[in-house]
Amino acid sequence: MSYRKIVHIDMDAFYASVEQRDNPQLRSKPVIVAWRGKRSVVCAASYEARTFGVRSAMPAVRAERLCPDAVFLPPDFPRYRAVSHQVRDIFKRHTDLIEPLSLDEAYLDVTENKTALPTATQVARTIREQVRAELQLTASAGVAPNKFLAKIASDWKKPDGLFVIQPEQVDSFLCPLPVGRVPGVGKVTEEKLSNLGVRTIGELRSIALDALEARFGRYGARLYELARGVDETPVVPNRPTQSISSEDTFEHDVPLAETEPMIRRLAEYTWAASRKESRVARTVVLKLKTSDFQILTRSLTPSSPPSSCEELTTIALSLRERVGLGAEQRFRLVGVGLSNFFDPDTVSTGPRLFE
């Protein structure tokens, strides 16, 4: 049986590492890349800051409480994009099958590589060595028979690590892992699985396909496959981001007027995720699901793209006013998204996107 050879490369604390590389005085210091302000969230944190519990997408005010001595720096996305292009140039020496996920991570299909290296492991090792030598940055890599496993593997020995999952090791590696490691399994799905007595991927395998489909719909089939380490999703080069969103389900159905705290929190998550993209979004989307499972979406494309988390939040909250349901209506889910992405490098004139 033939297997694909997939490498997932994840740059370590990318934005913060670029800042530390370019300013020697920041090395070995806790660095937090974030705008200051009550509505700002952390774009990146150096590993020195992470020892204090600071994480990406965390509110900046909380990060400052956890690590009061940290150096806060406003993000410089044009510079990060330039470095990301340099990293991608290194990838291109080895394969043309590159699927960027963001500025700091990508999938590579090296089933056949351009440098005649005999194994995917050697390709991954060589890429990491070239990134270190040429860019003075570190990257973690995961090598596996598919994208799902490669992404898990790249996180296994971070930072500056390499982890390989051989085809014959898939079952022994996957079964003990918590179901939360499966893509798409958030808190709500994890709780539903826990109610079925499922806490590990091995236990998930004991649930029949029809039972998973009955409980989770089309995603049930995906759960069934991933629990067995099956992922036929190909590496697709140059696939642009269509949308980014965050959504969550309320513990109890709530009226529209009580959705503001959740909208604010989800806007922060969405904004933080969008900062990792090389492209910029024009459109803000608000998603709501009623207590009877009716899905409503409202969107707005302002004259210039949202330039801050606060602006995204303001637009998302304003979209609630366009929900023409009565005050008695209850909602079980809310989501905030960004869509209609474009490449700012192709626009010669226009609004200032980043402050």
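The values are calculated or read from the model by the stated rules, or taken from the named source; none is laboratory data. The structure displayed is predicted, hence computed values, not measured ones. So basically every Cβ, Gly included, is an ideal-geometry build from the backbone, and we count neighbours across all protein chains shown.
List of remarks:
- Here Val284 clears all of (1) at pLDDT 90 or above; (2) over 22 Å from the mean Cα position of the chain (by Cα); (3) over 30 Å from Gln169 (Cβ atoms) except the condition numbered (2).
- Selection status of Ala257, outside any strand (DSSP E or B) and touching a strand residue (DSSP E or B) at 6+ places or on another chain (Cβ under 9 Å): no
- Qualifying residue in the range 229-240 (condition: assigned to a helix (DSSP H, G or I) and within 30 Å of Ala82 (Cα to Cα)): no
- All positions within the range 69-122 that are surrounded by 20 or more Cβ atoms within 10 Å (Cβ to Cβ), of a type in the set (D, E, K, R) and assigned by TED's automatic domain parsing to the domain that holds Phe52: none
- Among the residues making up the range 257-302, those that are farther than 24 Å from Phe216 by Cα and without any contact (Cβ under 8 Å) to a residue 40 or more places away in the chain are Glu258, Pro261, Arg265, Arg298, Leu300, Thr301, Pro302.
- Failed item in (1) closer than 30 Å to Arg282 by Cβ; (2) in a loop (DSSP other than H, G, I, E, B); (3) more than 21 Å from the chain's Cα centre (by Cα), with Gly197 passing the rest: (1)
A quick yes/no check of all residues on (1) of a type outside the set (D, E, K, R); (2) assigned to a helix (DSSP H, G or I); (3) crowded, with 18+ Cβ neighbours inside 10 Å:
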residue: Lys287; (1), (2), (3): no, no, yes
residue: Leu296; (1), (2), (3): yes, no, no
residue: Ser304; (1), (2), (3): yes, no, no
residue: Gly326; (1), (2), (3): yes, no, no
residue: Gly337; (1), (2), (3): yes, no, yes
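- Residue check for Ser17: part of a loop (DSSP other than H, G, I, E, B) and closer than 25 Å to Gln86 by Cβ: no
- Cβ separations smaller than 7 Å between residues 6+ apart or across chains give the following pairs from the range 104-130 residues that are within 25 Å of Pro78 (Cα to Cα) and of a type in the set (Val, Ile, Thr) to residues that are modelled with pLDDT of 95 or more and part of a loop (DSSP other than H, G, I, E, B): Ile127/His94.
- If you go through the range 217-252 and keep only what is modelled with pLDDT under 85 and out of contact with any Ser or Thr (no Cβ under 7 Å at 6 or more places or on another chain), you end up with Asn238, Arg239, Pro240, Thr241, Glu247, Asp248, Thr249, Phe250, Glu251, His252.
Every residue, every condition in (1) closer than 21 Å to Ala106 by Cβ; (2) at pLDDT 95 or above; (3) outside the structural domain of Asp155 (by TED's automatic domain parsing); (4) surrounded by 24 or more Cβ atoms within 10 Å (Cβ to Cβ), yes or no:
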site	(1), (2), (3), (4)
Met1	no, no, yes, no
Leu26	no, yes, yes, no
Val31	no, yes, yes, yes
Trp35	no, no, yes, no
Cys43	yes, no, yes, yes
Arg50	no, yes, yes, no
Arg55	no, no, yes, no
Met58	no, no, yes, no
Arg62	no, no, yes, no
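- Only one entry in Glu190, Glu213 is assigned to a helix (DSSP H, G or I), at pLDDT below 95, in contact with a Pro (Cβ under 9 Å, 6 or more places away or on another chain) and at negative phi, namely Glu190.
- Yes/no for Glu260 being within 30 Å of Met58 (Cβ to Cβ), at pLDDT 90 or above, outside the structural domain of Lys187 (by TED's automatic domain parsing) and surrounded by 13 or more Cβ atoms within 10 Å (Cβ to Cβ): yes
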